[in-house]
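Structure record follows, encoded as structure tokens.
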Amino acid sequence: VSEVVIVGAGPYGLSVAAHARAAGLQARVFGRPMESWVGHMPSGMFLKSEGWASNLSHPAGELTLEAYCQQRGLRYQYGVPIPRQTFVDYGRWFQAEAVPDVETTTVVAVRREPGGFAVELSAGEPVHAQAVVLAVGGLAFAWQPQVLAGLAPALHSHSADHHDLGGFSGRDVTVVGAGQSALESSALLAEAGASVRLVVRADRLAWHDPPRAEPRSPGRRLREPLSRLGPGWGNWVWSERPGAVRHLPAAQRRFIVANTLGPAGAWWLRDRVMGRVELMLATEVTSAAESAQGLVLTTASREGQRATVPTDHVIAATGYAVDFRRLTLLEPGLRDAVRLSHLSPVLGPNFETSVPGLYVVGLAAAATFGPVMRFVCGTGFAAQRVTKDVAGMARSRARLTPGMT
Ligand SMILES: Cc1cc2nc3c(=O)[nH]c(=O)nc-3n(C[C@H](O)[C@H](O)[C@H](O)COP(=O)(O)OP(=O)(O)OC[C@H]3O[C@@H](n4cnc5c(N)ncnc54)[C@H](O)[C@@H]3O)c2cc1C
């Protein structure tokens with residue numbers, strides 16, 4: 001019986017594993033390292049977060065992105081965006097150094113059993129564990145507008161379905177959304193030779209400012225502290241004090257998660273979108289139908305103007321909405337036992353669900369600990385808290401059952 005099984009080998013799973021191993025826990029980790037970043041984000045993409053806010057977490061504070069870039073002679077500088085491929089390679093390097101024995105098997109089912117959990121794998125014998133950490137990221141929660149749901153798969157997709165946008169060269173593509181993913185996908189599609197239109201509900205696009213020159217004056221630092229989520233006191237609190245966020249009323253936490261770092265493009269993306277992509281602002285897709293010519297979208301502007309838009313394909317870059325019931329890897333009895341609030345799991349101070357021994361980190365923990373859980377920079381807080389709790393549980397079990405391994 002393992003003390004802990006970690007499901008998922010993205011930034012959160014690898015960080016929890018690194019902390020658990022350093023604490024002497026018997027931890028097994030399942031999943032393909034950095035898979036979301038390899039297969040579900042477009043090649044040619046850059047990170048929106050700064051390098052210093054993009055570290056996986058190791059308890060010794062080593063294995064940072066900066067250390068990796070230094071070792072490989074790669075450019076690492078404030079204000080210079082990190083290519084997705086560099087981050088993927090960094091994550092794999094972190095994994096090789098901190099958790100070399102990740103098992104690249106998919107977990108197909110988790111159920112409760114006396115003393116813990118049975119974890120079934122796509123290949124091999126089931127594994128038994130005292131605790132399970134779900135570090136499965138956001139793919140299960142990819143969200144699309146209902147009007148697109150009935151379309152044939154060839155005509156519509158979610159932005160997470162794409163790694164290589166080059167296949168759209170010469171085609172007419174409609175992208176729905178206004179966040180970084182929508183904007184960057186549009187830029188990459190246009191650069192790949194597609195004809196791109198962006199449908200945006202808001203009446204304008206929002207862009208982040210370029211980073212200000214350093215060093216900043218003491219007054220400015222006081223008024224507008226820097227944090228890993230960006231400048232300003234709000235961002236600082238959400239980034240550096242996620243434990244305090246948990247004590248806020250649930251409705252306030254939901255508001256913060258929904259409204260912090262809302263849809264906006266990175267400063268370096270603006271010139272790659274403006275003038276190169278057709279913009280339909282203050283507009284929504286109201287229906288979508290297949291015709292002999294292909295796909296026809298109907299849109300409505302805020303002023304009530306309707307338009308018919310023939311297009312070859314529509315990509316919903318409309319983000320992720322946590323709905324814990326979608327985690328079908330949990331056997332139904334176990335899933336139903338997890339207490340939810342507005343479809344997110346209710347978590348204790350150490351990321352434990354209402355089922356003892358079952359932990360949730362990453363996006364699905366954002367409703368409890370705030371927006372930092374949507375980003376790589378939340379890994380340290382999550383990994384420390386989970387490890388402390390699992391280690392405490394393992395110690396008390398060992399005391400109760402001498403000789404147990
Ligand atoms: C387009 C895009 C750009 C982003 N840019 C940034 C950025 O610049 N900076 C930033 O901080 N954040 C960014 N994010 C958010 C980023 O995805 C998260 O911060 C980070 O990846 C979360 O790590 P994670 O481990 O929770 O999830 P993931 O990276 O998604 O990892 C979860 C892993 O679990 C695996 N898994 C799922 N189910 C199973 C199973 N049953 N068995 C085994 N394995 C399983 C998945 O395959 C995946 O590899 C971006 C997100 C998107 C979509």
Q.
Net charge within 15 Å of Leu14 by Cβ-Cβ distance, Lys/Arg positive one each and Asp/Glu negative one each, not counting Leu14 itself?
A. -2
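Which order do Phe117, Phe255 fall in if you start with the one that has the fewest other Cβ atoms within 10 Å? Kindly include the intermediate steps, with their values, before the conclusion.
On the way: Phe117 25, Phe255 12.
Final ranking by Cβ density, sparse to dense: Phe255, Phe117.
Do you know the relative contact order of segment 284-371, to the nearest whole percent, from alpha carbon pairs under 8 angstrom that are 6+ apart? Each step should come with its number before you reach the end.
Numbers: 99 pairs, mean separation 13.6, N = 88.
Relative contact order, segment 284-371: 15 percent.
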Q: Quick one: which residues, 5+ away or cross-chain, put their amide H under 5 Å from the amide H of Thr104? H built at 1.01 Å from N.
A: Gly31
Q. Which far-off residues, 5 or more places away or on another chain, put their amide H under 5 Å from the one on Val314, with H placed in the peptide plane?
A. His156, Ser157, Thr174
Q. Can you work out ³J(HN,Hα) from phi for every residue in segment 341-353, in order, using Karplus 6.51 cos²θ - 1.76 cosθ + 1.60 and θ = phi - 60°, giving whole Hz and x for Gly and Pro?
A. 10, 6, 6, 9, x, 7, 10, x, x, 10, 6, 7, 6
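Tally Lys and Arg at +1 and Asp and Glu at -1 over the other residues with C-beta under 12 Å from the C-beta of Ala60: what net charge comes out? Each step should come with its number before you reach the end.
Numbers: positive: Arg21; negative: Glu62, Glu97.
The answer is -1.
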Q. Within a Cβ distance under 14 Å of Arg374, other residues only, what is the Lys/Arg minus Asp/Glu net charge?
A. +4
Q) Which whole-Hz ³J(HN,Hα) couplings does segment 123-137 yield from phi under the Karplus relation 6.51 cos²θ - 1.76 cosθ + 1.60, θ = phi - 60°, glycine and proline marked x? A) 8, x, 5, x, 10, 10, 9, 6, 9, 10, 10, 8, 10, 8, x
**Q.** Whole-Hz ³J(HN,Hα) from phi, Karplus 6.51 cos²θ - 1.76 cosθ + 1.60, for segment 315-321, glycine and proline x
**A.** 10, 8, 9, 10, x, 9, 10
Q: Could you tell me which of Leu151, Phe255, Gly167 has its Cα farthest along the dipole of the chain towards the positive end, charges placed at Cβ (Lys, Arg +1; Asp, Glu -1), taken about the Cα centre?
A: Phe255
Q | Listed peptides 123-136, 287-300, 341-354 by packing density, highest first (mean Cβ within 10 Å) | A | 123-136, 341-354, 287-300
(Q) Let me spell out the model: positive unit charges on the Cβ of Lys and Arg, negative unit charges on the Cβ of Asp and Glu, origin at the Cα centre of the chain. What dipole size does that give, in debye rounded to 20? (A) 1200 debye
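Normalising by the residue count of the chain, find the relative contact order in percent from Cα pairs under 8 Å and 6+ residues apart.
Numbers: 812 pairs, mean separation 87.0, N = 405.
Across the chain, relative contact order equals 21 percent.
Kindly put Ile82, Ile256 in sequence by how many other C-beta atoms sit within 10 Å of each C-beta, fewest to most. Write down the numbers at each step before the final one.
Numbers: Ile82 21, Ile256 18.
Going from sparsest to densest Cβ surroundings: Ile256, Ile82.
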Q: Tell me which residues come under 5 Å, amide H to amide H, from Phe46 once H is placed; ignore anything under 5 positions away on its chain.
A: Arg84
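Bear in mind these aren't lab numbers, they're just calculated from the coordinates by the rules spelled out. Bear in mind the structure is a predicted one, so any value in this text is a computation, not a measurement. No Cβ is skipped: glycine too gets one built from the backbone with ideal geometry, and neighbour counts run over all protein chains shown.
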